[in-house]
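Visitor: Mind looking over this structure? Questions follow.
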Amino acid sequence: MRALFQNLLAGFRLAIFLKVHSTDFRVSIRQLVWLLLIEFALGVGISYAMLEGAGSFNVYVVVQALASVTLTLAVAALLAAWLRAPALLLGYAVAATAMAPMLLAYTYGGYALWQRLDIDLDDSVWTIVWLLLVSGLLARVVKLWAPLKFFRLAAVEFLLLGVLIIQLWLPQQDAWYADDTGEDDSVLDIGGHEALLYQQPRLLDGTLHTLQAQRPDVSDLYFVGFAGYGWQDVFMKEMNTVRELFDSRFDTRGRSLALINNTKTGASAPIATTTALQTALAHVGGLLDPEEDVLFLFVTSHGSDKPAYLSVDNNDLKLTQLTPARLKAALAATPIKWKVIVVSACYSGSFIPALKDDNTLVITASRADRNSFGCDAKNSMTDFGRAYFAEALKQTTSFTAAFKLASQRIAVREKAEGLTPSQPQMSLGKNFEAKWRGRLDCGSATSPTSETKSVGLNKREHPAGCSRWQS
């Protein structure tokens, strides 16, 4: 057991980039077997910890583990023959397996930290970081038994990186899988739709009653979000990111709400339906001052061109789709005068004719006959959402200037990727431009460091009516 502990300690030191020598490892087939058993047990334990509810052991994971061992030994044999270092055959297998606890920590703990930090990057970036980290650590193992110069080291790392990529593409088995109820029993389960529907009035009403009334002599900004498509997390993630941006950078905290379709938010956020949107807009209309305050409405979903509508879909519920006419009617039924409406979806330009007027700024992610991009389930934001909100609106407080910045960036990216240009659209009402640009354009707040502490500054203290946002 002492030798096993020494191997695990050496593997730990190697994985955290401390100096280690090949003699720090006790290399033998017996030690390799013990280390493989520990690695297998840790994998099974982590899988069990991630299991929700009752589950059963998946015996096929044993076959997967044996295949992984075979691949490790094959790579070790290839490296030993290529580098003419016979000791590398067993040494590589022992040292690489001794790092298994730390590699598992990097894999699961690192990804959990990545998600918790909510970094505005695609998850594929994390995969690249992981591949480079692990291939670099495995290259350190090789260097213990075969000193490598720069070019040969680069070749070894490239080989190991290729092996890791192949492993990622191979089918993966979970050690545990959730027990399914029998087909005959499933009809007796409590209906999720029923619980969802009955809790919605209370949830929506509670959310609306948390909104604060407008402040006299302050140009308040009210944020209303609508994430319509519930089968992909990208719209939920985008909505959460955008709402947090407005709460922190544009002082809408206490004056913002989000309607979201997603199975993960059914108990925490009102679902996005056309009826809920009508109710939310009517409530906001009763809180704000029509002459003094502005509504910022953000809608994100999949879009259709013929006929024109935005997808409203939550857990197979048959919901009313959001058309330009329905959205126009919902807004017209309120006293809200000044509006900024951003629609992020394919063919979203089809909403401009219905929504544009002299008092409204309308921005869409694409032309009426064009796709927008980035609504992949693995993404945290759509391409337009990332360019406009996460990038441009962190450089400027002007909604129109941000549109120009985002449009330029999107055009460059789409050209580089060989995509048909989405051509985002903007319609700026003449009254909106005259009132808000004239009264609230207080200079070029083009960096986060220039932010003020509130959205609307007191007009009595600032006669020009300066605000934290600009048209």
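The values are calculated or read from the model by the stated rules, or taken from the named source; none is laboratory data. Note that the structure is predicted; figures quoted are calculated from it, not measured. So basically every Cβ, Gly included, is an ideal-geometry build from the backbone, and we count neighbours across all protein chains shown.
Visitor: If you check A401, A365, A406, which single one turns out to be among the small types (G, A, S), surrounded by fewer than 22 Cβ atoms within 10 Å (Cβ to Cβ) and assigned by TED's automatic domain parsing to the domain that holds Q278?
Guide: On inspection, the qualifying residue turns out to be A401.
Visitor: I'd like the full set of residues that are hydrophobic (A, V, I, L, M, F, W, C) and either surrounded by fewer than 22 Cβ atoms within 10 Å (Cβ to Cβ) or not assigned by TED's automatic domain parsing to the domain that holds F246 (or both), limited to region 305-330.
Guide: A308, L317, L319, A325, A329, A330
Visitor: Have a look at A93, A15, A10, A41 and point out the one that is at pLDDT 90 or above, within 36 Å of the chain's Cα centre (by Cα) and under 20 Å from L133 (Cα atoms).
Guide: A15
Visitor: Can you tell me which residues in region 1-58 are β-branched (V, I, T) and loosely packed, with under 15 Cβ neighbours inside 10 Å?
Guide: Within region 1-58, I16, T23, I29, V33 qualify.
Yes/no per residue for (1) at pLDDT below 80; (2) closer than 18 Å to A93 by Cβ; (3) not in a loop (DSSP other than H, G, I, E, B):
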position	(1), (2), (3)
R116	yes, no, yes
S135	no, yes, yes
V142	no, yes, yes
L153	no, no, yes
I165	no, no, yes
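Visitor: Listed residues R26, R84; which is charged (D, E, K, R), closer than 23 Å to V163 by Cβ and modelled with pLDDT of 90 or more?
Guide: Among R26, R84, only R84 is charged (D, E, K, R), closer than 23 Å to V163 by Cβ and modelled with pLDDT of 90 or more.
Visitor: Quick one: which residue in A87, A65, A95, A81 is within 24 Å of A155 (Cβ to Cβ), without any contact (Cβ under 8 Å) to a residue 40 or more places away in the chain and assigned by TED's automatic domain parsing to the domain that holds A146?
Guide: A81
Visitor: Could you list, ordered by first residue, the pairs with Cβ atoms under 8 Å in which the first is in region 309-326 and part of a helix (DSSP H, G or I) and the second is surrounded by 15 or more Cβ atoms within 10 Å (Cβ to Cβ), at least 6 apart or interchain?
Guide: Note: pairs meeting the criteria are P324/A308; P324/Y309; P324/S350; P324/F351; P324/A354; P324/L355; A325/A354; R326/T274.
Visitor: Filter region 378-400 for residues that are touching a residue at least 60 places away in the same chain (Cβ under 8 Å), part of a helix (DSSP H, G or I) and either farther than 18 Å from L221 by Cα or β-branched (V, I, T) (or both) and give the result.
Guide: Of everything in region 378-400, those that are touching a residue at least 60 places away in the same chain (Cβ under 8 Å), part of a helix (DSSP H, G or I) and either farther than 18 Å from L221 by Cα or β-branched (V, I, T) (or both) turn out to be G385, R386, A390, T400.
Visitor: I'm trying to understand the selection: among the residues of region 238-252, which are of a type outside the set (A, V, I, L, M, F, W, C) and closer than 19 Å to T396 by Cα?
Guide: T241, R243, E244, D247, S248, R249, D251, T252
Visitor: Now for a different question. With of a type outside the set (D, E), in a helix (DSSP H, G or I), modelled with pLDDT of 95 or more and more than 19 Å from H302 (Cβ to Cβ) as the only criterion, which of A434, A406 stands out?
Guide: So the residue among A434, A406 that is of a type outside the set (D, E), in a helix (DSSP H, G or I), modelled with pLDDT of 95 or more and more than 19 Å from H302 (Cβ to Cβ) is A406.
Visitor: Among the residues of region 134-143, are any of a type outside the set (D, E), within 36 Å of the chain's Cα centre (by Cα) and closer than 30 Å to G374 by Cα?
Guide: There is at least one residue in region 134-143 that is of a type outside the set (D, E), within 36 Å of the chain's Cα centre (by Cα) and closer than 30 Å to G374 by Cα.
Visitor: Among (1) farther than 17 Å from I166 by Cα; (2) modelled with pLDDT under 90; (3) of a type in the set (S, T, N, Q), where does Q64 come up short?
Guide: With (1) farther than 17 Å from I166 by Cα; (2) modelled with pLDDT under 90; (3) of a type in the set (S, T, N, Q) applied to Q64, the lone miss is (1).
Yes/no matrix, rows are residues, columns are (1) assigned to a helix (DSSP H, G or I); (2) touching a strand residue (DSSP E or B) at 6+ places or on another chain (Cβ under 9 Å); (3) not β-branched (V, I, T):
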| position | (1), (2), (3) |
| --- | --- |
| V218 | no, yes, no |
| D251 | no, yes, yes |
| T263 | no, yes, no |
| T279 | yes, no, no |
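Visitor: Restricted to region 409-431, and to residues that are more than 26 Å from the chain's Cα centre (by Cα) and assigned to a helix (DSSP H, G or I), which residue is farthest from R367 (Cα to Cα)?
Guide: The extreme case among them is N431.
Visitor: Looking at A227, A258, which is the one that is among the aliphatic types (A, V, I, L, M) and either at positive phi or touching a Leu at 6+ places or on another chain (Cβ under 8 Å) (or both)?
Guide: Answer to the check: A227.
Visitor: Could you tell me how many of the residues in region 287-308 are over 17 Å from V362 (Cα atoms) and either at pLDDT 95 or above or part of a loop (DSSP other than H, G, I, E, B) (or both)?
Guide: The qualifying residues number 10.
Visitor: Sticking with this one: I need a count of the residues in region 143-176 that are free of Cβ contacts under 8 Å to residues at least 40 places away in the same chain, surrounded by 15 or more Cβ atoms within 10 Å (Cβ to Cβ) and among the aromatic types (F, W, Y).
Guide: Count: 0.
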